[in-house]
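Visitor: Right, I'll just put the structure down here and ask away after.
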Amino acid sequence: MIGVQLKTFPFVLCLAAAMAIPVLAQDAKPTFRLDGGNTTYAFGVNERGELQQVYWGGRIAPTDPIPAAAGKMEWASFDGSYNNTPQEYAGWGQGLYMEPALKVSFADGNRDLVLHYLSSTKPDAQSLDIVLKDISRAVTVTLHYKMDAESGILARSATVENGEKQPITIEQEAAAAYSLPPAHYTLSYLSGRWAGEWTLNQETIHQGQRVLESRRGSTGHQLNPWFAIARGDADEDHGEVWFGELAWSGNWRITVEQDTLDAVRVTGGFNPFDFGYSLKTGEKLESPVFYAGYSAHGIGGASRQLNKFTVEHVLPTAPKPKPRPVIYNSWEATEMNVSEAGQIAMAEKAATLGIDRFVMDDGWFGKRKTDHAGLGDWYVDPDKFPHGLKPLIDRVHALGMDFGLWVEPEMVNPDSDLYRAHPDWAINFPGRPRMEQRTQLVLNLARPDVRAYVFGFLDKLLTENQIAFLKWDYNRNWSEPGWDQQQGADQKKIYVDFVRNVYSILAELRAKHPGIEIESCSGGGGRVDLGILHYTDEVWPSDNTDPFDRLTQQWGFTHAYPNQVMLAWVTDSPHWMNNRATTLTYRLLSSMEGSLGIGANLNKWNDADFATAKRLIAAYHEVQLTVTQGDLYRLIAPTNNVTGPSQFAATEMVAPDKHQAVLFAYANGTNEGRNFPLLQWKGLDPAATYKLTTIEGTTLPGTPASASGAWWMNHGLDILLHGDFVAAAFRLDRQ
Ligand code: GLA
C-alpha cells in the first residue's frame, strides 16, 4: 500500500533526500546510555546532528548494542523527517508540527530554531549534560540528565542561554520530551476540583494532543502534573508502564501526543500559554525538572517506584524522613472562632489521645473574624490572644505536644493594613478591575519588596515563637496576572519569578530555622507537585474529609504521591459536606492509611470515642513506618470508575525489608448478601513465617495465628465485615 502511494504521488519521498542539511560523519554521531534500576534510556546524534531517543524500557545487558540514531523516514511531503523523528529536545523550526520543546523569537523577527548536538560532559557516573546549539544563531540549550541508580527514574531539565547580541524571547520551554514507539497505549492522569481532587482517569491514546495543564498561576485542583502510559493490556499488577511527573508549582503543561505515524511523545515544562521570558545577552532560563520512569510491573509497580523515589530523593528530609507526627488541627472544630481558653481546652483533650502536635488553624491574626479581612496582617489578634501566643504554646508543650500554626503568606484581603499601605503589591493590571476570590487578592511575590516582606514576617514569627510546623495555605487562583513594575512583555516573567521566590522563601526559612516542618495546602490539594514537595514535608490532599470520599481520593493520590505526605484527618460524623454518617473506626482507619490527624470537635466526643481513638492511634504508631513509607498494593478499588463496584475497598502496605505488612479493609455498604472478598496479601517473603495481629475487626474461624508468606499470599485472609461504612485492619509480622 505504501509502495503504491509512493508511486502514485509525486510529492511523496522515501528518505530525507531533499534536505539541504549536511550529513554527519560516523564519529560525530555519539550515542549515550543511562542505566538505573530495571531501566535503560539511550539516545544519540543522528545523521543531521539532532539528538534523538533510541531506547527507553527494560534494562538491557551492558554488552547489548544500542541502535545508532537515524532520522525517521519521511512519510510524505506533508510529514517531514524532522517532525516524526523522536527528538530529545526539538526547536520550533524546519517544519515541526509536533509540540516543540523550545520556541524562541529573535530580535530581527526570525523564529526558526533548529537545535543540533554540540558537546557533552559527564558530571558524575549517573549524570550527563548535553549541549545543543541552533544551526546558525548563538542560542544554546544544556540538557541535564540524572538517572537514579536504584529506581531507574530519570530527572531531566534544560537550561537555555542567549549568546546573541540582541535579546531573545522564549515563548515555550519544556524540561524534556520523552518518546514511545507506535503501540496501543492507555493514558492515566489525575483530575478534580475543590473538595473533589484525585480522580484517576484512564483513556486510550489517539492521534493528536491530550493536554494536561494549569493556567491558574499554581499547580491547580483540576489537573495534576503526573501521567502514566500503559502499553497494551497492562494493569495494576502486570505489564509495561511509563510514567512521569513535573516538579513545578506554577503554570505547567504536559502534552501527550500521538504523531501521524502512531508514535507517542510526552513533552512537559512551563505552560506556553501567555508565556514570554526575555533573555538579554548571556542570560539563562532554567526549566523545572521533568521526572520519568519505567515499570514492568503494572501501574502498581510504577507508583511504588515513584513514591519510594519521592521519599528517598525529593522530600526536604530525604533520604530518611521521620514518620510524621500525629496532629490535631482546630479548623473543622472551631473555624475562625479561636481563643486562648478555647484552644487550650481543646489541646488538653487532644493530649489524652496521644497526639504529637497541636495545630491552630486560621483566625489567630489581624482582624480575622471572617474570611473578609486580615490576610496580610500577621500580628497576633490581641482580642483573641491578649497575652500573645506564648500561653497557648507553653500549655501545648507542657502537655507533651509541639505546636503548629496556619499561615497564608502569599495572599492579602483588601480589608487589611497591608493592602491599605501597599495596594500595588497585589497582582494586577493597572486601571483594570481586580477580581477577588474568597475576598482576597494574590500578592506579587515576584517583586523583591514583597518577597522581603513575606520572608520577614515568617522569619519573625518563627524567631519569636516556638513553632515547630507551618500549615502554608494558598486559597485562590490567579487573575489579571500583571506585574506593573516591569516593562511591557516582561510582565510575563511573573509566571516564573513568583514560583522561584516561593521556593526560595521556603528554602531560606528551612535553612534559618532548622527542624521547621511545613505543609503545602491550597484549599486542599491545589498545590501538590514534586516542586513544592522538595521544600515541604506533607500536603493537605483535600478539604473534603469525608472518609469514604477520602478513600477514593487516596486511591488516585497514591498513584503519584507517597502516603508519607498524605495528611488525613478524622473529622465529625455526619460529615458537613455530604451528610454521610460513618463509624469512628471507619474514619480512623481511612485516615490511618496516610499521615494521621484528628480534626474533629473533641468537645462532642464521649468516653468511648476517646478510648477508640486512643487505642487506634497507639496501634498506628506501631505500623506507621510501614504504612507511610512501605510499598503500597492497591487491592480493591473503592470506586466503580476503574475496577469494579464500590461495596468494598482494600489496600495493603509492606515494609521495604518485608518484616511487616498492614492491610486495611472497608465495607462501604454491601448488598445482595455478598461476603467480603478473600484478601490475598501481596509482596510478602513467601518463605518467611508471619504472625497475624488484628488491629480492628474479625477473622473467620480457622484463620491461623501464623503461617508462611506463601500461605497468606495464596490462601489469603477471610474476614467478617458487613454493614455500612465499617472497616477492619490487620498486620503481619515476620517471626
Ligand atoms: C483552606 C484549608 C483549610 C483551612 C481553611 C482556613 O480551605 O484547606 O484546611 O485551613 O483554608 O481558612
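Visitor: Just a yes or no: is a residue in the stretch 222-233 in contact (Cβ under 8 Å) with a residue 40 or more places away in the chain and in contact with a helix residue (DSSP H, G or I) (Cβ under 8 Å, 6 or more places away or on another chain)?
Guide: yes
Visitor: For Asn475, indicate whether it is closer than 20 Å to Tyr535 by Cα, of a type outside the set (Phe, Trp, Tyr) and part of a loop (DSSP other than H, G, I, E, B).
Guide: Yes, satisfied.
Visitor: If you go through the stretch 535-551 one residue at a time, do you hit one that is within 16 Å of the ligand (Cβ to nearest atom), basic (Lys, Arg) and assigned to a helix (DSSP H, G or I)?
Guide: yes
Visitor: Here's a check for you: in the stretch 499-552, which residue that is among the small types (Gly, Ala, Ser) and under 15 Å from Gly220 (Cβ atoms) is surrounded by the fewest Cβ atoms within 10 Å (Cβ to Cβ)?
Guide: It comes out as Gly523.
Visitor: Another question, then. Got a sec? Which strands (runs of 3 or more DSSP E) wholly within the stretch 183-254 have at least 2 residues that are under 15 Å from Val266 (Cβ atoms)?
Guide: 185-191, 208-214, 226-231, 241-247
Visitor: Note down all Cβ pairs under 7 Å where the first residue falls in the stretch 510-522 and is on the phi < 0 side of the Ramachandran plot, the second is surrounded by fewer than 20 Cβ atoms within 10 Å (Cβ to Cβ) and among the acidic types (Asp, Glu), and they're at least six residues apart or on different chains.
Guide: That search, which allows pairs on different chains as well, returns Lys512/Asp459.
For every residue, the table says whether it meets (1) crowded, with 19+ Cβ neighbours inside 10 Å; (2) at negative phi; (3) in contact with a helix residue (DSSP H, G or I) (Cβ under 7 Å, 6 or more places away or on another chain); (4) at pLDDT 95 or above.
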residue: Leu389; (1), (2), (3), (4): yes, yes, no, yes
residue: Leu399; (1), (2), (3), (4): no, yes, yes, yes
residue: Gly404; (1), (2), (3), (4): yes, yes, no, yes
residue: Trp425; (1), (2), (3), (4): yes, yes, yes, yes
residue: Pro430; (1), (2), (3), (4): no, yes, no, no
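Visitor: Please tell me if Phe455 is surrounded by 14 or more Cβ atoms within 10 Å (Cβ to Cβ), of a type outside the set (Val, Ile, Thr) and under 29 Å from Ala195 (Cα atoms).
Guide: Judged against the criteria, Phe455 is not a match.
Visitor: Could you please let me know if Pro638 is touching a helix residue (DSSP H, G or I) at 6+ places or on another chain (Cβ under 9 Å), outside the structural domain of Asp572 (by TED's automatic domain parsing) and at pLDDT below 95?
Guide: So Pro638 passes the test.
Visitor: What is the residue count in the stretch 62-90 for residues that are under 18 Å from Lys133 (Cα atoms) and part of a strand (DSSP E or B)?
Guide: 1
Matching residues to (1) under 22 Å from Tyr145 (Cβ atoms); (2) of a type in the set (A, V, I, L, M, F, W, C); (3) in a strand (DSSP E or B):
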residue: Tyr41; (1), (2), (3): yes, no, yes
residue: Trp56; (1), (2), (3): yes, yes, yes
residue: Ile60; (1), (2), (3): yes, yes, no
residue: Asn110; (1), (2), (3): no, no, no
residue: Ala125; (1), (2), (3): yes, yes, no
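Visitor: Every residue in the stretch 492-530 that is in a loop (DSSP other than H, G, I, E, B) and either farther than 24 Å from Arg438 by Cβ or within 16 Å of the ligand (Cβ to nearest atom) (or both), please.
Guide: Within the stretch 492-530, His513, Pro514, Gly515, Ile516, Cys521, Gly523, Gly526, Arg527, Val528, Leu530 qualify.
Visitor: Hey, can you tell me all the residues within the stretch 360-385 that are in a loop (DSSP other than H, G, I, E, B), surrounded by fewer than 22 Cβ atoms within 10 Å (Cβ to Cβ) and away from the ligand (no atom under 11 Å from the Cβ)?
Guide: Gly366, Lys367, Lys369, His372, Asp377, Trp378, Tyr379, Asp381, Pro382, Asp383, Lys384, Phe385 - these are the residues of the stretch 360-385 that are in a loop (DSSP other than H, G, I, E, B), surrounded by fewer than 22 Cβ atoms within 10 Å (Cβ to Cβ) and away from the ligand (no atom under 11 Å from the Cβ).
Visitor: Just checking, how many residues over the stretch 197-220 are closer than 16 Å to His559 by Cβ and not β-branched (Val, Ile, Thr)?
Guide: Of the residues in the stretch 197-220, 7 are closer than 16 Å to His559 by Cβ and not β-branched (Val, Ile, Thr).
Visitor: Which members of the stretch 79-92 meet the condition of being touching a strand residue (DSSP E or B) at 6+ places or on another chain (Cβ under 8 Å), over 29 Å from Ala149 (Cβ atoms) and not hydrophobic (A, V, I, L, M, F, W, C)?
Guide: Hits for the stretch 79-92 are Thr85, Gly91.
Visitor: Only residues that are more than 19 Å from His659 (Cβ to Cβ) and either of a type outside the set (Gly, Ala, Ser) or within 33 Å of the chain's Cα centre (by Cα) (or both): list them for the stretch 677-703, please.
Guide: Residues satisfying the conditions are Pro677, Leu678, Leu679, Gln680, Glu696, Thr698, Thr699, Leu700, Pro701, Thr703.
Visitor: Does the stretch 439-447 contain at least one residue that is within 27 Å of the chain's Cα centre (by Cα), more than 16 Å from the ligand (Cβ to nearest atom), closer than 16 Å to Gly366 by Cβ and part of a strand (DSSP E or B)?
Guide: yes
Here's the yes/no breakdown for (1) closer than 30 Å to Thr260 by Cβ; (2) under 18 Å from the mean Cα position of the chain (by Cα); (3) surrounded by fewer than 16 Cβ atoms within 10 Å (Cβ to Cβ):
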position: Arg156; (1), (2), (3): yes, yes, no
position: Gly163; (1), (2), (3): no, no, yes
position: Ile168; (1), (2), (3): no, no, no
position: Ala176; (1), (2), (3): yes, yes, no
position: His184; (1), (2), (3): yes, no, yes
position: Ser188; (1), (2), (3): yes, yes, no
position: Ile205; (1), (2), (3): yes, no, no
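Visitor: Only residues in the stretch 275-294 that are closer than 23 Å to Val241 by Cα count as the first member; pair them with residues that are modelled with pLDDT of 95 or more and polar (S, T, N, Q), Cβ under 6 angstrom, at least 6 apart or cross-chain, and list the lot.
Guide: Taking only residues 6 or more apart or on different chains, the pairs are Val289/Ser157; Gly293/Gln305; Tyr294/Thr39.
Visitor: Moving to a separate point now. How do the strands (runs of 3 or more DSSP E) wholly within the stretch 265-359 filter down when requiring 3 or more residues that are away from the ligand (no atom under 16 Å from the Cβ) and within 21 Å of the chain's Cα centre (by Cα): which remain?
Guide: 289-295
Visitor: Follow-up question, since we're still on this one. Go through the stretch 400-415 and give me each residue that's more than 15 Å from the ligand (Cβ to nearest atom), over 21 Å from Leu462 (Cβ atoms) and outside any strand (DSSP E or B).
Guide: Gly400, Pro414
Visitor: Same structure again: What's the number of the only condition in (1) modelled with pLDDT of 95 or more; (2) surrounded by fewer than 24 Cβ atoms within 10 Å (Cβ to Cβ); (3) assigned to a helix (DSSP H, G or I) that Ala489 fails to meet?
Guide: So the condition that Ala489 fails would be (1).
Visitor: Six or more apart or on different chains, Cβ atoms under 6 Å: show the pairs whose first residue is in the stretch 471-484 and basic (Lys, Arg) and whose second is part of a loop (DSSP other than H, G, I, E, B) and within 13 Å of the ligand (Cβ to nearest atom).
Guide: Lys471/Cys521; Arg476/Arg438
Visitor: For the structure I just gave you, tell me whether Pro481 is surrounded by fewer than 18 Cβ atoms within 10 Å (Cβ to Cβ) and assigned to a loop (DSSP other than H, G, I, E, B).
Guide: no
The values are calculated or read from the model by the stated rules, or taken from the named source; none is laboratory data. Keep in mind the model is a prediction, meaning the values are calculated, not measured. Glycine gets a Cβ as well: all are built from the backbone with ideal geometry, and neighbour counts include every protein chain shown.
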